[in-house]
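One structure is given below, encoded as structure tokens.
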Amino acid sequence: MSTPSRHPNLTALVTIARREITRILRIWAQTLVPPAITMTLYFLIFGSLIGARIGDMGGYDYMDFIVPGLVMMAIIQNSYGNISSSFFGAKFGRHIEEMLVSPMPNWVILGGYVAGAVLRGLLVGVIVMCIAMLFTEVRIPHPLITISTVLLGATIFSLAGFINAIFARKFDDVAIVPTFILTPLTYLGGVFYSVKLLPDWAQVLTHANPIFYMVNAFRYGLLNTSDVPIWIAFALMIGFVVVLGGLGLWLLKRGVGLRS
């Protein structure tokens, strides 16, 4: 007879995360290959072709300047997309109800799905970094800042994708936020340009964009330069993790969008 686990919550957490990871790797042609192809095109078109005409940006070669932004953009989009589609699929298939009636606490359900989404973001980030090395020399002068920014950014948008999936009533609802909110915020978050090039009113609007702080924190980790103080960027990212995490747990507790 097998001995019951002393840490059933940890076992449940690992089980959910492992299922998510298995799903990501099983359909790798859909989860890992498309972002690799997309980012390669960005590097070719914006970095090599257009970048050669632009020259320097913020004192750095344009290709070097856009690498942190493109890596962060890939991480954000894939972390968000993974959990929003996966959790909504669980709602649509009605097997999320089995988790809700189980002894698992809500933080285990949330943590398992977020862990899977963060891992996909990390895998895609590593792939894009490897692609970037084919076009330019990539250095990491601040590895701790680089890694912590990636983890915080992936966690923030995993939690945001989770909340999107909770409120979504059909598959089209899952695509609305990435299309009309996430993509514009990403492109206007300083991925392809320095905020210092913008007029004053546009700089003010850009500073209201949370992705702007993540991109700049990651850019500081790779290039040792940022348009905002690093401590502000990390304070905002940690704040978003706390707020979105708390909101996700509250929605699970209330059963919003899950028990109707």
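The values are calculated or read from the model by the stated rules, or taken from the named source; none is laboratory data. A quick note: this is a predicted structure, and the numbers were derived from the prediction, not measured. Ideal geometry is used to build each Cβ from the backbone, glycine not excepted, and the neighbour counts take in all protein chains shown. To get the accessible areas, we keep the full protein, side chains included, count just its heavy atoms, and leave off ligands, DNA and RNA. Shrake-Rupley method; radii C 1.70, N 1.55, O 1.52, S 1.80 Å.
Summary of values
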item: Sole exception among (1) closer than 24 Å to residue 43 by Cβ; (2) open to solvent by 10 Å² or more (accessible area, probe 1.4 Å); (3) at pLDDT below 95 for residue 195, by number; result: (2)
item: Per-region count, the range 89-129, residues open to solvent by 70 Å² or more (accessible area, probe 1.4 Å) and part of a loop (DSSP other than H, G, I, E, B); result: 4
item: Condition met for residue 86 (more than 30 Å from residue 137 (Cβ to Cβ) and either open to solvent by 10 Å² or more (accessible area, probe 1.4 Å) or in contact with a His (Cβ under 9 Å, 6 or more places away or on another chain) (or both)); result: yes
item: Any hit, the range 130-140, residues being open to solvent by less than 10 Å² (accessible area, probe 1.4 Å) and under 30 Å from residue 251 (Cα atoms); result: no
item: Unique residue being more than 22 Å from residue 110 (Cα to Cα) and either in contact with a Leu (Cβ under 7 Å, 6 or more places away or on another chain) or open to solvent by 20 Å² or more (accessible area, probe 1.4 Å) (or both) when the list is 180, 167; result: 180
